[in-house]
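The values are calculated or read from the model by the stated rules, or taken from the named source; none is laboratory data. Remember, predicted model here, so these are calculated numbers, not experimental data. Neighbour counts run over all protein chains shown; Cβ positions are idealised from the backbone, glycine included. Areas reflect the complete protein model, heavy atoms only, side chains present, ligands, DNA and RNA absent. Shrake-Rupley method; radii C 1.70, N 1.55, O 1.52, S 1.80 Å.
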Amino acid sequence: MANAMNPAFRLLDDAADHSGARIRRIGGLTLWAETLTFTTASARQFLDVTEEVAAVVRRSKVSQGWVSVFSKHTTAAVVLNENEPLLLEDMGAMLERLSTAAGVYQHNDLSRRTGEMDPEECANGHAHCQHLLIGASENIPVAEGRPDLGRWQRIFLLELDRPRDRQLVVQVFGA
Amino acid sequence: MANAMNPAFRLLDDAADHSGARIRRIGGLTLWAETLTFTTASARQFLDVTEEVAAVVRRSKVSQGWVSVFSKHTTAAVVLNENEPLLLEDMGAMLERLSTAAGVYQHNDLSRRTGEMDPEECANGHAHCQHLLIGASENIPVAEGRPDLGRWQRIFLLELDRPRDRQLVVQVFGA
Amino acid sequence: MANAMNPAFRLLDDAADHSGARIRRIGGLTLWAETLTFTTASARQFLDVTEEVAAVVRRSKVSQGWVSVFSKHTTAAVVLNENEPLLLEDMGAMLERLSTAAGVYQHNDLSRRTGEMDPEECANGHAHCQHLLIGASENIPVAEGRPDLGRWQRIFLLELDRPRDRQLVVQVFGA
């Protein structure tokens, strides 16, 4: 799906009628889920997905309720904060300071690792540690058919590892 | 609304019948939302809002379900922890250590900033960074008509910036 | 209840028919809550509770919706990350570095404390501070009757204090 607002975005199940949505309508209540895929460009990129989340809410036709934004990843997080470019650099710098990529992580010693590994596995212990400090999801109220965000709040997918495809489950519930 | 428990609290839409609540009742299920306003007193104040949240749950008459507490701000967070005054100082000190107000933040260099700015904008890069570590919301189970908190858990609005008016969206869902 | 997967686990209300669940079924929607108890073994233990949470989802028979995992504690948190033993040590080491148990916490000075105290109260200021950085809960989408986790995501109860009994409220909602 072409998306003028955000070239990193596409619907996972791309269809003109949004058949990729998993929809339940029960007695005036709607449970609506879409899995969105984004392609990130760099480590510590804050990718603003506010418009994509708002579009899911509009498609669901839920007027009042919740929208949950959930990252299916252990090295990409969901953040609510201000979209001010210098601030995004400040926040990335803080994360790098609290758990630097240059640090020593046992997770990065592949010779000692047990269990399943991705063939593309790379040294990303810092990204997991940073993720621990942020979390995988945010639940946002919906009012009047829109995410009920404050004036400065924007929704971000935060890439903590290298550039890659990332999935967000966006689920709307309400009336 | 006078509130003996917490003078920093008032309902946004102050009315004896709580007409400020956005209410949907559908087939035995209730979706109930109130936007509460609090006035904070200082940086790193942990304002205990447990009783105000419990009052919203009572007004909703939901017996089992969830209550979501959501901050509409990027420099004020929602926290669940223990209300022990010395501990609140410890937690504030840790935040100040992890991202000190005395540090260098590009966000604070207003001469370099692009985009919209508040006329009251002040140097609060540290507050945004601290917020990144805490998050904007908590979802709490409701059981027997009350937030199903553990013995030591209290709900706080945490002011990370200067004193100001802050809004929490408190939303209850259930039966 | 015997549990081959996880000996630290038992249902709070142990009964063959899971009568411990609080259940509401309304017009095709289900609201299902169980309080699970786990016994932790050590400080900074990441106890993998994914299978226990998935079992609650199965018992609820919810196919699409949410599952919320909520810790009733101020020194035990809920985490989504990868279950790789070396990584769990890395994450524990980071938490210990950001707020070390060997640090000075006013909360640990019992002579200055006011208010209610547990007879077993011990020096755990660091555990509260670490909890502030992680949070009490996660909300996870449910799809096709299972938590809709990514390939590497597992659900953990993270013990930040000493070994003890811990309760998680696991609540499922959907159709």
Based on Cα coordinates alone, diagonalise the gyration tensor for segment B:128-175, multiply each eigenvalue by 5, take square roots, and list the semi-axes in whole Å, largest first. 25, 13, 11
Express the accessible area of segment B:92-175 per residue in Å², computed with a 1.4 Å probe while the remaining protein chains stay in the model. 37
Net charge over other residues, Cβ less than 13 angstrom from the Cβ of C:S68 (K, R count +1; D, E count -1): -3
Total charge dipole magnitude, chain C, about the Cα centre, Cβ charges on Lys, Arg, Asp, Glu only, Debye to nearest 20: 500
Ordering C:T39, B:T30 by the accessible surface of their heavy atoms, 1.4 Å probe, largest first, yields C:T39, B:T30
Reach of A:K61 by Cα under 19 Å, taken over aspartates and glutamates that are not fewer than 8 positions away in the same chain: A:D17, A:E34, A:E51, A:E52, A:E144, A:D148
Along its principal axes, what span do the Cα atoms of chain C show, with the longest given first and each in whole Å? 55, 36, 29
Helical contribution to [θ] at 222 nm, DSSP H n ≥ 4, -39,500 (n - 2.57), averaged over chain C, rounded to 500: -6000 deg cm²/dmol
Can you give the Kirkwood hydrodynamic radius for segment C:94-175, in Å, rounded to one decimal and based on Cα pairs? 15.8
Separation between Cα centres of segment C:54-68 and segment A:37-102, rounded to whole Å: 27
Anything losing 50 Å² or more of accessible area from the isolated chain to the full protein assembly: pick those residues out of segment A:84-114, probe 1.4 Å, ligands and DNA/RNA ignored. A:E84, A:L86, A:D90, A:M94, A:L98, A:Q106, A:H107
At the nearest 100 Å², what buried accessible area, both sides summed, do you get for C and A when the probe is 1.4 Å? 3400
Using only C-alpha atoms and all pairs of different ones, pull out the Kirkwood radius for the protein assembly as shown in Å with one decimal. 23.3
Accessible carbon and sulfur surface of the protein assembly as shown relative to its total accessible area, %, 1.4 Å: 51
Could you give the angle, 0 to 90 degrees to the nearest 10, between helix A:85-98's Cα long axis and the longest principal axis of the Cα atoms of chain A? 50
Largest-first ordering by accessible area, 1.4 Å probe, given options A:S42, B:S68, C:S137: A:S42, C:S137, B:S68
Restricting to Cα pairs under 8 Å and 6 or more apart, the percent relative contact order of segment C:60-175 works out to 58
Please list A:I26, B:I140 from largest to smallest accessible area, probe radius 1.4 Å, with all protein chains kept in place. A:I26, B:I140
Given 15 as the ceiling on other Cβ atoms within 10 Å, longest exposed-site-free region of chain C for GluC sites (Glu not before Pro) in DSSP loops: C:1-115
How tilted is helix A:125-134 with respect to the longest principal axis of chain A? Cα atoms for both, answer in degrees (0 to 90, nearest 10). 40
Copies compared at A:E116 - label distances in nm, ascending, label defined 7 Å from Cα in the Cβ direction: 4.4, 4.4
On Cα atoms only, tilt of A:50-60 relative to the major axis of chain A in degrees: 40
